[in-house]
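Here the structure comes first, spelled out in structure tokens, and everything after it is commentary.
The values are calculated or read from the model by the stated rules, or taken from the named source; none is laboratory data. Note that this is a predicted model, so its numbers are computed, not measured. When we count neighbours, we look across all protein chains shown, and the Cβ atoms used for this are built from the backbone with ideal geometry, even at glycine. For accessibility, only protein heavy atoms count, side chains too; no ligands or nucleic acids. Shrake-Rupley method; radii C 1.70, N 1.55, O 1.52, S 1.80 Å.
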Amino acid sequence: MRTTYLSFKLLVVLTLGLFVHPFTSFAQEDDLESGEAFNATEMIMHHISDAHSWHFFGSGEDAAVLPLPVILYTDDGLVNFMSSEFHHDVEAKHVVEKDGKRFVNYHEKIYQLNEGEETVEFNAEHYPANAERPLDLSITKNVAAMFLTVIVMLVFFFSLAKHHKKNEKAPRGLNNALESLVLFVRDDIAIPQIGEKKYMKFMPFLLTVFFFIWITNLLGLLPGAANVTGNISVTVSLGMFTLILIVVNGNRDYWKHIFWMPGIPTFVKPILAVVEVLGLIIKPVALMIRLFANITAGHIIILSLLGLIFILEHVGVAGISVPFAFFIMILELLVAFLQAFIFTMLSALFIGMAVQEHEHH
């Protein structure tokens, strides 16, 4: 019993250490190398924003960084190189020359210098004046994290499928948990919202969305991880998939109730049609904003609590901010599942409304 208790305390201390270390290293970089005061906003944006390299911890040349491919489409075609060629520079000071073209990284936005330009120049708004942004097709930190999520999902579910092909007994361990979640999505989300006749058609989408959001949220809580579902581009894409399924699978009754609602005065129908079309667009917008806002808010709260240590410059603050941040971190484990459940349930609800058969009297 005592050994178990000591192991638990060691696990808590190790988790706190891994959790706090990335932020302390960033604060050291900000204070010691640049000589400037700690900037909480910069620290927070650094950790929740996308990037062309995957930074784990440390600063400068000693930082643990995974370089990622930079793929740019210019007027003369594709140009590609590794992000390590920027040497961790995000202030447009280091120029990378490829195929006769020069590129700089300015706050994770890559600019191509105009022909004949050697260095970047800034205008009054402090944006590059002699450079333009090419089409950026790079594998960024968020894209790499999504690939990781897909790999995890494939490993899990190929394992579960393999078990069911070879063994008729109930699965154990992780496979049992996965099967329980699949049944949860089927019995508590798909069937109640879509109906027993048509739910199977949409199960692949619902399962993919649920596990993609949940696993991505969990991976995003690890130290140095990517904030994938806290990126509005990702949530917009997820919302658009739901909208496409609604539009493609909506039956005649659904569209009739949107554009020419029966049972009401004719002069009111055009007004209601505008309202219903707006509602059709607002539904996926609500999905994407809810997921983006909740995940981003959780990360900002944790980072803000830890940032208080460096803002107030007193180690005693850690006795309050670290436990509170750890509590929010534990709460985020629930939020990770809850946001996956809400997004999947509302998607099923909206799809169910589009495919529902109406009785005509």
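For this structure, a couple of remarks:
- Residues THR41, THR296 ordered from highest to lowest accessible area at a 1.4 Å probe: THR41, THR296.
- Here the 3J(HN,Hα) profile of region 172-182, calculated from phi with Karplus coefficients 6.51, -1.76 and 1.60 at θ = phi - 60°, is 10, x, 5, 4, 5, 5, 5, 5, 4, 5, 4 Hz, Gly and Pro shown as x.
- In this structure, GLU132 and ALA273 have a Cβ-Cβ separation that, at R0 = 41 Å, corresponds to a calculated FRET efficiency of about 0.45.
- Protein accessible area in the chain, 1.4 Å probe - carbon and sulfur %: 65 percent
- Karplus-derived 3J(HN,Hα) values for region 317-330, using 6.51 cos²θ - 1.76 cosθ + 1.60 with θ = phi - 60°, are 5, 4, x, 9, 5, 5, x, 5, 5, 5, 4, 5, 4, 5 Hz; glycine and proline are entered as x.
- For region 142-354: accessible area per residue (Å², 1.4 Å): 53 Å²
- Normalised per residue, the accessible area of region 67-138 is 60 Å², obtained with a 1.4 Å probe and no contribution from ligands, DNA or RNA.
- Under 15 Å, Cβ to Cβ, from LEU72 - net charge with Lys/Arg +1 and Asp/Glu -1: -3
- The C-alpha atoms of the chain define a longest principal axis, and helix 199-219 lies at about 20 degrees to it.
- In Å², nearest 10: area of GLU125 left accessible to a 1.4 Å probe: 130 Å²
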